[in-house]
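The structure appears below as C-alpha cells.
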Amino acid sequence: MLGTETIVSSTSTGGQNTTNELTQVDFDNCRAELNQCHATNSELTEQLAAGRVELRQWNFDCTNVRMQLQSCERDLEFYSAENRWPPVFDLTEARGFSFESGKSNLTPSFRRLLDNAIIPQIESLLGNDRFGITTIEIIGHTDEVPVGNRQSNLDLYLTRHLGLERGLPALSHADNAGLGLSRAVAVRSYLLRNRTLRNYRIVVLSAAQGVDDNGEVAIGSIVRFAASERRRIEIRLRGDAETIQ
C-alpha cells in the first residue's frame, strides 16, 4: 500500500482496545527536535569553554593589577619620602600593557590596568602640591622589528587625533617611530576620558627603539633585555621648573 507509513500499536484498557498511530512525520519531528537539542548542547559547550578562557584572562588581569598597585605603592612611598620628583610609570608589554600586534589599539586588559592601577596613582600624585605637576608626558617605546611596507597618515591626521576629532581614520605608521607615537596618542586619548586628568597638559612623544628598558641608549643590534620589556609606554609627570618644591 502506497502512502504514509503507519505504525499501529494496540493496548487493552478496561476490556477496550486503544490504537495509537505514530506516523513517519511524527518520527521526523522527533528526530529534528533531537538534532536541535544536540546543536544547542554543542553551542552551550562552546560558550562554557569561552567563559572559562575569559575567566582565566580576568584572573591574569587581576594578578597584574595587584602587582602594579604594589609596585606603585612602593614607588609612591619612596618618592614621597626621599625624592623631589614624582615616579615614572613603565607600562611594559611583559606586565600586561599590550597593544594589538603592530597596531596602536589598546587591548581590554591594557584599559583595565589603566583604570584600576595606573590612573588612581596618577591622580594621587597630581594632588600632591609638593610636586606642582602641570604636565603628563606619554612616551611610546618599541623594539627593532620592522613594521613592514605601510603608508603613514600621521602628517595628515596626528594633530586632529590630538584634538579628539570624531570620525577620523585610525592612525597608521610607516616605521617604529610612528608606531611609538601612535601608541602614545592612543593612551593619551584614553587618559583624557578621566575628569581629573583632562585638566592637565598631556603631551605625546616617541622614543621608537632608541632607548633600552634600563634607560640606556640602545646602541647597535644587541640589547640587554627581552623585547617585551622594551615594548612599553612610559608616563612621566612634571611641573614647570619654578613649581617644584
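The values are calculated or read from the model by the stated rules, or taken from the named source; none is laboratory data. Just so it is clear, the structure is predicted and the values come from calculations on it, not from any experiment. Quick reminder, even Gly has a Cβ in these numbers, built from the backbone with ideal geometry, and neighbours come from all protein chains shown.
Residue 213 - would you say it is among the charged types (D, E, K, R), surrounded by fewer than 18 Cβ atoms within 10 Å (Cβ to Cβ) and either closer than 28 Å to residue 86 by Cβ or modelled with pLDDT under 95 (or both)? Judged against the criteria, residue 213 is not a match. Out of 162, 156, 168, one residue alone is surrounded by fewer than 18 Cβ atoms within 10 Å (Cβ to Cβ) and touching a helix residue (DSSP H, G or I) at 6+ places or on another chain (Cβ under 6 Å). It is 168. When restricted to residues that are assigned to a loop (DSSP other than H, G, I, E, B) and either in contact with a Phe, Trp or Tyr (Cβ under 9 Å, 6 or more places away or on another chain) or under 18 Å from residue 184 (Cβ atoms) (or both), segment 129-144 contains 5. Residues of segment 11-38 that are among the hydrophobic types (A, V, I, L, M, F, W, C) and modelled with pLDDT under 80: 22, 25, 27. Would you confirm, using the coordinates I've provided, whether residue 204 is buried (at least 20 other Cβ atoms within 10 Å of the Cβ), more than 18 Å from residue 98 (Cβ to Cβ) and β-branched (Val, Ile, Thr)? In short, yes.
If you take the residues in segment 160-192 that are among the hydroxyl-bearing types (Ser, Thr, Tyr) and at pLDDT 95 or above, which one is nearest to residue 107 (Cα to Cα)? Among those residues, the one meeting the criterion is 190. Among the residues of segment 102-121, are any among the acidic types (Asp, Glu) and modelled with pLDDT under 85? No: segment 102-121 contains no residue that is among the acidic types (Asp, Glu) and modelled with pLDDT under 85. In the condition set (1) at pLDDT below 90; (2) in a loop (DSSP other than H, G, I, E, B), residue 76 is compliant with all but (2).
Name every residue in segment 80-94 that is modelled with pLDDT under 85 and either assigned to a helix (DSSP H, G or I) or in contact with a Pro (Cβ under 7 Å, 6 or more places away or on another chain) (or both), in order of residue number. The answer is 80, 81, 82, 94.
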